[in-house]
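Since the structure comes first, as structure tokens, the remarks are kept for the end.
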Ligand SMILES: Nc1ncnc2c1ncn2[C@@H]1O[C@H](COP(=O)(O)OP(=O)(O)OP(=O)(O)O)[C@@H](O)[C@H]1O
Ligand SMILES: [Mg+2]
């Protein structure tokens with residue numbers, strides 16, 4: 001999936017996430033880029049819903065990783081915003097997630113560029129202040 005999409009509601013963001021969910025494979029790493037409140041966590045909620053994975057998708061304050069474990073596939077949601085040191089991602093099990101073939105979704109990947117594989121997908125969220133419309137760009 002590539003291109004720029006307009007989303008004017010949470011529902012439309014979820015619909016877009018459901019489309020991406022259809023083409024995800026085990027081991028895919030998806031980087032969600034964009035400012036605070038741009039819609040990254042909302043998109044992740046849509047992905048987990050489409051993949052029928054359990055657990056609430058939230059913006060974790062103290063933990064940087066949440067695992068949504070399903071029967072035949074799992075999604076690991078990371079929010080690196082508060083990361084001080086990229087090595088911390090190793091200590092929460094980054095390499096295990098990769099080895100396990102989980103789908104890994106990373107908010108604020110720019111906090112740990114050392115970790116992001118070359119073939120990761122990049123999705124950019126934009127929300128202009130005072131405007132209803134948001135855009136989601138699949139690179
Ligand atoms: N397409 C949309 N239309 C309307 N509201 C939206 C849309 N996407 C997200 N929102 C709302 O914007 C708020 C912030 O969204 P969200 O938490 O997904 O942002 P985020 O990019 O994860 O931010 P952060 O960097 O702080 O984690 C939420 O209240 C959400 O409901
Ligand atoms: Mg978020």
Q | Subset tally (residues that are at pLDDT below 95 and out of contact with any strand residue (DSSP E or B) (no Cβ under 9 Å at 6 or more places or on another chain)) for region 27-60 | A | 1
Q: Please work out which residue is farthest from residue 123 (Cα to Cα), limiting yourself to region 79-104 and to residues that are modelled with pLDDT of 95 or more and in a strand (DSSP E or B).
A: 103
Q) Counting only residues that are assigned to a helix (DSSP H, G or I), over 13 Å from the mean Cα position of the chain (by Cα) and more than 15 Å from ligand 1 (Cβ to nearest atom), how many does region 1-54 have? A) 3
Q. Can you spot a residue in region 10-21 that is more than 13 Å from ligand 2 (Cβ to nearest atom) and free of Cβ contacts under 8 Å to residues at least 12 places away in the same chain?
A. yes
Q) Quick one: residue 73 ticks every box in (1) more than 18 Å from residue 123 (Cα to Cα); (2) under 15 Å from the mean Cα position of the chain (by Cα) bar one, so which box is it? A) (2)
Q. In region 114-134, which residue that is more than 12 Å from ligand 1 (Cβ to nearest atom) and in contact (Cβ under 8 Å) with a residue 12 or more places away in the chain is farthest from residue 17 (Cα to Cα)?
A. 114
(Q) Can you tell me which condition residue 68 does not meet? The list is (1) more than 13 Å from ligand 2 (Cβ to nearest atom); (2) touching a residue at least 24 places away in the same chain (Cβ under 8 Å); (3) in contact with a strand residue (DSSP E or B) (Cβ under 7 Å, 6 or more places away or on another chain), and all the others hold. (A) (2)
Q. Under 8 Å by Cβ, and 6 or more places apart or on different chains, what pairs join a residue from region 27-47 that is at positive phi with one that is assigned to a loop (DSSP other than H, G, I, E, B)?
A. 27/101; 27/102
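The values are calculated or read from the model by the stated rules, or taken from the named source; none is laboratory data. Given the structure is predicted, the values throughout are model-derived calculations rather than measurements. Glycine also receives a Cβ, built like all others from the backbone with ideal geometry; neighbour counts cover every protein chain displayed.
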